[in-house]
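Notes for the one structure printed next.
The values are calculated or read from the model by the stated rules, or taken from the named source; none is laboratory data. On a predicted model such as this, the values are computed, not experimentally measured, just so you know. Quick reminder, even Gly has a Cβ in these numbers, built from the backbone with ideal geometry, and neighbours come from all protein chains shown. Just the protein is used for accessible areas: all its heavy atoms, side chains included, with ligands, DNA and RNA removed. Shrake-Rupley method; radii C 1.70, N 1.55, O 1.52, S 1.80 Å.
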Amino acid sequence: MGAERSDNRVDLIIVAVLWVALTGAGLWWATVTNLHPIGASSNAVISDEAFDLLLYLSMPVTTFVVVVLGYSVLRFRVSLDETEDAAPVRSNRLFIAMWVLITVGLSVYVIFNPGFTGLDALAADKNAEMTIEVTASQWRWDYRYVEENIEFLDADGLVLPVDTRILFKITSQDVIHSFWVPAFRVKKDAVPGLITEVYMTTTKLGDFAQDDGFRNQCAELCGTGHTRMRTTVTVLTRVDFIAWVDAQRNAEVSG
Amino acid sequence: MSILKGIVGGILGYLLGAALVTSIRAATGAEPWDFEVATMGAYLPTVVGWLLGVGVWEYWARPWFGREAKPYTTVGWRRYFNFDTDHKVIGIQYLVSFLFLFFLAGLFAMVMRWELMNPGRDILTPSSYNGFMSLHGTMMVFVAVAAIVGAFGNYIVPIMIGADDMAFPKLNALSYWLVPVVVAFLTASFLVGGYDTGWTGYAPLSVTTRTGALFFNLAFLTLGLSSIVGAINFLTTVHKMRAPGMTWSRLPIFVWSIYVTSWLSLIFTQFIALAMLMVVFARTLGMAFFEAAAGGDPLLYQNVFWFYSHPAVYIMILPAFGVTLEILSHFSRKPLFAYKWAVGGMIGIAAMSAFVWAHHMFTSGMPDVLLKPFLASTELISIPTGLIMLSALGTIWQGRLRLHVPMLFALGVVFNFLFGGITGVFLADAPLDIQLHDTYFVVAHFHYVILGGGIFGLFAAVYYWFPKMTGRMMNETLGKVHFWWMIIGFNFTFMPMFWIGMNGMNRRISDYVPNLGGTNRMISLAGFFLGMSFVIFLWNYIYSWWRGADAPSNPWGATTLEWMTSSPPPLENFDVIPEVVGGPYTYGDKSAKHAILEPRL
Amino acid sequence: MTAVGHAAHGVHEAPAKRLGINRLGLWFFILSESILFVGLLMVRFSLLGTYIHEELSQLIGLMITVILLASSFTAYQAERSMARGDLGATKRNLLITLGLGTVFIAGVAFEWHEALEAFPPSTVFGSVFFTMTGVHVFHVLTGLVMLAIVHRRVRRHETTSTDSWPVEASVKYWHFVDVAWVFFYPALYLIS
Amino acid sequence: MSDIAATGEMQGARRIGIGVRVVLVLGALTVIEYAIAIAEPPGQLPLIFAIALAKAVPILIYFMHVNQIWGGEHS
């Protein structure tokens, strides 16, 4: 019994060391690796920060389970025809108490941060400088620029000015679609009979040719054309955007 | 023979129902023939006709009308193709049927991965891709919902609690014989051109799309019926059929998992029935539940659907947890660690599963005020889930681990589920889920949970109980090859999916932006590798059943009741009724006993 | 608990134990089915709030409600007569229950006929109304089939007072259908 | 089978059986329900469903013998 005790202590120390080492390595990997694609909106910052925080928090949990699992398999394995039993440890108050406290603590913590803080940050600013009505249908996107009063039916692209707070008002004419621009971390379903709203601020210039995150892709299965239901997204400087709007107006007048 | 009668009965039922509906339509002046309306009207007669033909009439219903029921005279392998009330026969019927469905759906996955190997179109049209994708998802969900419960719940649970059969053997047969109906409807949907709604079948798409969707709805409805009947049976069995002395705190953890799962099935499956009924009525009778223009609510479907389908995720994973903990204890030769906490975890998961469904709808346009409550409830469900992990880790720590094949798979469940569970925390975070929702991040997450957890658990159970069910041993070496091949293939297939999901690959598309081509090709190759691992399993499974070494009654030296009877057990399982005198995991204590099997006066 | 001898497969337990098993199973079934009705109520309130179409006939609603309540009473009487061993009264009460149930269905059918004009299934109220009453009538029909089979068995002395489970089961199911209507009636007719 | 007798409902020779009483209560509650629907008082919805519940309970207890679940079963 005494021997088992000291064995246990050695095991615990080795596991603790491995755990710390692996967690350190994991955190190092998480900080030096950029897992995120290009982020070009205010919402992208909130989303990516939430991901990173959760990644850091989950690292020690994951490594703990992996280390205990791996160590147990290597250290406590016996040959297949061995029939002797292990010591009948059915419970360990300290371990259970720690486990419950930590899982409760972590779960409750992530509810507030990044959960509630992120939601609050997304909903904080409801003053849009620009409103765009997005209408989805099988299988196309229509955009209407409300203030500029221009409309694109079956559009081949969505053009936006940079550093601008934009409100998307999204709806659908037939089935449920989903308005998604990966670079903006913006996704909202287009539901027939309902107008859903998304606020975001553009923060970076870019276009589809430069990075394919700049595209408006349907993210909710909507039938045969679902895969192809996408348009490009372009973010211009404000000056370029005004010029673009004028060009569109002229084209409309002459057309 | 009885299957033939069943088919005849089903066809007669269909013709009868269709004729009735058509004549009613003719009488009211509508266009008489409408395939979908006729099929809807013929659904019930078809199912009833099949069931009556396949054996309900001969073996069960005749006494209601003052006749003698036919005795069960079928013997040998023919029993498995017959209406049979022996829970052991039904367990094997379930196992073989769902393994078949699993491999079929797996083939569909191979076809999908072929298409996704390169950007652009390879072998499938977008429409046929959607068809394969939908059938793959639906079949796999059905397998995950019913395979462990149907096969091992039926075969093992009665033996584990010392019963001679389930509480309602005939109902048990009924719930199995509904499964061929499910398969028939899925096949029918394929024959009429498939459906393109995915397994979630979101309205309004499912209302307006092709005819195949109707058959999908009817198939899901039928599976729901089967689940509910099964759940009633399991609950009653565990409540009423336990051997003397088998108290609740002496129940093996696998029995607990089936018991808790059955509560989930009993309560929540009614919601899928409701969702499917509404879609069927919307398709065939023009009902306006989901039609915004008429004042309906397109989001209603999602609410009702997920009110079943989120608890259904736990219906899929809880039995796998049960199998895993069971195996970990026996092969660590150590009592299950924190037994009561594990049971509490299962009950906690089940109780909380009713309050998390809308986390599937964070981007759906549901009212913003609901985001926070559902975010919170979803994050909190990781606490009871963590208790399962606690029990698993505590059990193997300082155990004496014998790495037989079932043990390897059980350890695989712990490892895979770790990633499935942790990424669930990410997805529950609403601000982040906005980006990750409906991307391959979700695909990776639920494959880690359902394939990495549920199906690894299924294979653990197959390897563990195969000797008991067939009286033969499976080949250990081939089993180990299968395990390592499968877990490596699995992780190489699905780990990169987290990354492509974050980087802009959404679900259910047959084509993607070129930039994701390299990773997708790697995923496809790993997927084919994963697919091939099952060839080894199949060979091992079939050959061992045919020619494997004879199994002793207790090849693993395990302590629960099913190992105290012969392999396979006799009719009625035990020669004497066991008397349970202690807990199920008596390792490390020579004086402890789980049960006494002695002839009594 | 006493050890139970092994009889032929399928006949395992002492009758008393079998009765307990049957009852519990039936209650689980009733619990599960009641969730379907709860789900329908949820759908009804989520889609319509407290709206009720003004052309819904209050008179028919009240009448079929009273009829169904009365049928529950006669079903109860049938079970009681069975317990007393009075097969004649059992048959009579079962027959009255069957009759009342049929009248209930006729009432719903008449109402459907009217409703098809006023609010067809293509309207939201029509969808909810036809689905709720349809699902309920389906349960009434299955209950009637069960009662009819049981009635025939009692008549032919195949069910006796020492084995009255078929009577008990069908009557319990019938009461359940009544309870479901107890909630459906106000939800469909009375609120607004 | 004497489970109904054993649940105490047939004790003594009551002139009015429990079944009649229940059905009378149900009838009365239905009338009240209907009256409330016509009068439309404030808080009508919870009131009507409270009455529905009050109707369901006696059916469950006296007609369906719900207490059998909790071991009130006799053989």
For residue D:55, give me every one of the lysines with a C-alpha distance below 17 angstrom, ignoring sequence neighbours fewer than eight places off in its own chain.
C:172
Packing-based order for B:503-510, B:470-477, using average beta carbon neighbours within 10 Å, highest first:
B:503-510, B:470-477
How many partner chain Cβ atoms sit within 10 Å of a residue's Cβ in peptide B:65-73, on average, as a whole number?
2
Partner lysines for residue B:5 [C-alpha distance under 17 Å; skip if fewer than 8 residues away on the same chain]
B:70
Rg from C-alpha atoms of the range B:538-601, normalised by the globular rule of thumb 2.2 N^0.38 Å, equals 1.38
Note to self: Kirkwood Rh of the protein assembly as shown, Cα pairs, one decimal, Å, is 31.6 Å
In terms of the charge dipole of the protein assembly as shown, which places +1 on Lys and Arg and -1 on Asp and Glu at the beta carbon, the residue among B:129, B:272, B:584 farthest towards the positive end is B:584
Need one word for the range B:116-214: rounded, prolate or oblate. Basis is the Cα gyration tensor (sqrt eigenvalues a ≥ b ≥ c); a/c below 1.5 gives rounded, then a/b vs b/c decides.
prolate
Per-peptide average of other Cβ atoms within 10 Å, ordering B:437-443, A:72-78 highest first
B:437-443, A:72-78
For residue D:70, put the label point 7 Å out on the Cα→Cβ axis and report which residues of the range D:20-39 keep their amide N under 15 Å from it.
none
How many Cβ atoms of partner chains, on average, are near each residue of B:431-444 if near means within 10 Å of its Cβ?
6
Leaving ligands, DNA and RNA out of it, report the carbon-plus-sulfur percent of the accessible area of the protein assembly as shown at a 1.4 Å probe.
67 percent
May I ask you to compute the full-extension gain from residue B:598 to residue B:30, defined as 0.36 nm times their residue separation minus their alpha-carbon distance, rounded to one decimal in nm?
197.4 nm
Buried accessible area between D and C, both sides, 1.4 Å probe, in Å² rounded to 100, is 3200 Å²
List the residues whose amide H sits under 5 Å from the amide H of residue B:472, counting only those 5 or more places along or on another chain, with H placed 1.01 Å from N in the peptide plane.
B:551
Kindly provide log₁₀ I(q)/I(0) values, in the same order as q = 0.20 Å⁻¹, from the Debye equation applied to equal alpha-carbon scatterers of the range B:1-84.
-0.85
Once you put a point 7 Å from the Cα of residue A:127 and another 7 Å from the Cα of residue B:481, both along the Cβ direction, what distance in nm separates them?
7.1 nm
Vicinal HN-Hα couplings computed from phi for the range B:276-281 (Karplus, 6.51 cos²θ - 1.76 cosθ + 1.60; Hz; Gly/Pro x):
5, 4, 4, 5, 4, 5
The range A:55-137: radius of gyration and largest Cα-Cα distance (Dmax), Å:
23.8, 74
Beyond 27 Å between alpha-carbons counts as too far, so tell me which of B:240/B:468; A:204/B:372; B:240/B:593; B:88/B:240; B:334/B:468 fall in that bin.
A:204/B:372
Residue (of B:540, B:18, A:72) at the positive-pole extreme of the protein assembly as shown, dipole from beta-carbon charges:
B:540
Give the aspartates and glutamates whose C-alpha is closer than 17 Å to that of residue A:126, dropping any in the same chain fewer than 8 places away, or say none.
A:147, A:163, A:197, B:368
Over all directions, average the projected area of the Cα convex hull of chain B and note it in nm².
28.5 nm²
I need the P(r) histogram for the range D:16-68: all alpha carbon pairs, bin width 10 Å from 0 out to the longest distance, whole percents.
24, 46, 23, 7
Okay, helix-only estimate at 222 nm for the protein assembly as shown: each DSSP H run of n ≥ 4 adds -39500 (n - 2.57), divide by all residues, round to 500 deg cm²/dmol; what do you get?
-20500 deg cm²/dmol
At a Förster distance of 51 Å, what's the computed FRET efficiency of residue D:38 paired with residue C:157, Cβ-Cβ distance as r, to 0.05?
0.55
For residue B:546 and residue C:14, FRET efficiency with R0 = 51 Å and r from the beta-carbon atoms, rounded to 0.05?
0.75
How big a patch of accessible area, both sides summed and in Å² to the nearest 100, lies buried between A and B at a 1.4 Å probe?
7600 Å²
For the range B:225-375, go through all pairs of different Cα atoms, get the mean of 1/r, take its inverse, and jot down that Kirkwood value in Å.
17.6 Å
Here FRET efficiency (C-beta to C-beta, residue C:138 to residue D:20, R₀ 45 Å, nearest 0.05) is 0.90
In Å², rounded to a whole number, the accessible area per residue of the range C:58-190 with probe 1.4 Å is 33 Å²
Whole-Å distance linking the alpha carbon centroid of the range B:68-136 with that of the range A:217-252 is 44 Å
Within 10 Å of each Cβ in A:90-96, the average number of Cβ atoms from other chains:
6
What distance in nm separates the two pseudo spin-label positions at residue A:249 and residue A:101, each 7 Å out from Cα along the beta-carbon direction?
6.7 nm
Would you mind giving the average projected area, over all directions, of the Cα convex hull of chain A in nm² with one decimal?
20.5 nm²
What distance in nm lies between label points placed 7 Å from Cα along the C-beta direction at residue A:81 and residue A:242?
8.9 nm
Segments A:218-227, B:142-151 sorted - mean Cβ within 10 Å per residue, highest first
B:142-151, A:218-227
Normalised per residue, the volume of the convex hull around the Cα set of the range C:58-190 (Å³)
84 Å³
Mean-position separation - Cα centroids, the range A:90-129 and the range C:32-49, in angstrom:
33 Å
Just in the range A:1-109: which GluC sites (Glu not before Pro) are loop by DSSP and have at most 14 other Cβ atoms within 10 Å?
A:82, A:84
Rounded to the angstrom and largest first, Cα extents along the principal axes for the range B:212-286 equal 56, 17, 16
